[in-house]
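Chemist: I'd like to ask you about the structure that follows.
The values are calculated or read from the model by the stated rules, or taken from the named source; none is laboratory data. On a predicted model such as this, the values are computed, not experimentally measured, just so you know. Using ideal geometry, Cβ is built from the backbone for each residue, glycine included, and neighbour counts are taken over all protein chains shown.
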Amino acid sequence: MKSYKYHIGILILIILLVLTIPYAWKLVQILFFPKHVKIWQQLSLFQWVAIGFVGYSFMRRFLNKNALWLETFTHELTHIVVAMLFLRKVHSFHAEEGSGVVYTSGQSNNMIPPMALAPYCLPIYTFLLLSVRCLMNFHGMWIFDIIIGVSLSFHVNCFIHQTGKYQTDINHHPLLFSYLFIYVARLINCCIILVAFFPHYNVFTSFWRLLNAQYDNIIYFWSLLF
């Protein structure tokens, strides 16, 4: 990408961040400073997810190399999923302990930023499970929520261990752009995942609620300026 495109991209990401922060703060207030219910009642929405999250954090240390291979596999798989969403043809895919590579169609196999940076901010297993969750309605839902917690903990571990400027995916672009993209995407995904567990919401309506909130913030900031 040419330098001016990165400047435009950084500007768009900053605008997106400004539009998302008020919504994220509102969620913090709902969860940790509720007006009409006890805080533990709000946080109980995530109790089984939390159990799965903490459980995997302890379990991972015993998985060692298998966990490392699965993290690498997931990293490359995320490249593939996003590449296919952008209508790229996947030519080959290889993953081994600590390293992997994906070859797709496109000029010199160059990955556009969403394809390159998705493994550092997109929890694909968690979103897949949340998509299935909205179709389910049974008394053992808590078991499914534990599995979602495990998937979320797995992805957080991936993000922690794989994110760094040594990564070609990240340093191929200006570091400011790459890290801004990653953390804005993480904030957005965090908001979507949290609201997906609210009563009468799911991952799809949560995404729609986020878009509505961002639109409302556009109107609000526009009214301040004009």
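Chemist: How many residues, within segment 170-211, are touching a Pro at 6+ places or on another chain (Cβ under 7 Å) and either within 13 Å of Cys121 (Cα to Cα) or of a type in the set (Ser, Thr, Tyr) (or both)?
Modeler: Of the residues in segment 170-211, 2 are touching a Pro at 6+ places or on another chain (Cβ under 7 Å) and either within 13 Å of Cys121 (Cα to Cα) or of a type in the set (Ser, Thr, Tyr) (or both).
Chemist: When both residues are 6+ apart or on different chains and their Cβ atoms are under 9 Å apart, which pairs have a first residue that lies in segment 184-204 and is buried (at least 18 other Cβ atoms within 10 Å of the Cβ) and β-branched (Val, Ile, Thr), and a second that is modelled with pLDDT under 95 and not in a loop (DSSP other than H, G, I, E, B)?
Modeler: Val203/Arg133
Chemist: Name, by its number, the condition in (1) in a loop (DSSP other than H, G, I, E, B); (2) more than 22 Å from Ile192 (Cβ to Cβ) that does not hold for Pro34.
Modeler: Unmet condition: (2).
Chemist: Further question: For the subset of segment 114-140 comprising residues that are closer than 16 Å to His75 by Cβ and among the hydroxyl-bearing types (Ser, Thr, Tyr), which member is surrounded by the fewest Cβ atoms within 10 Å (Cβ to Cβ)?
Modeler: Result: Tyr125.
Chemist: Provide a single number: the residues in segment 55-113 that are modelled with pLDDT of 75 or more, exposed (fewer than 12 other Cβ atoms within 10 Å of the Cβ) and not charged (D, E, K, R).
Modeler: Qualifying residue count, segment 55-113: 6.
Chemist: I've got another one for you. Here's a check for you: in segment 157-183, which residue that is free of Cβ contacts under 8 Å to residues at least 40 places away in the same chain and either among the hydrophobic types (A, V, I, L, M, F, W, C) or in contact with a His (Cβ under 6 Å, 6 or more places away or on another chain) (or both) is farthest from Ile8 (Cα to Cα)?
Modeler: Ile160
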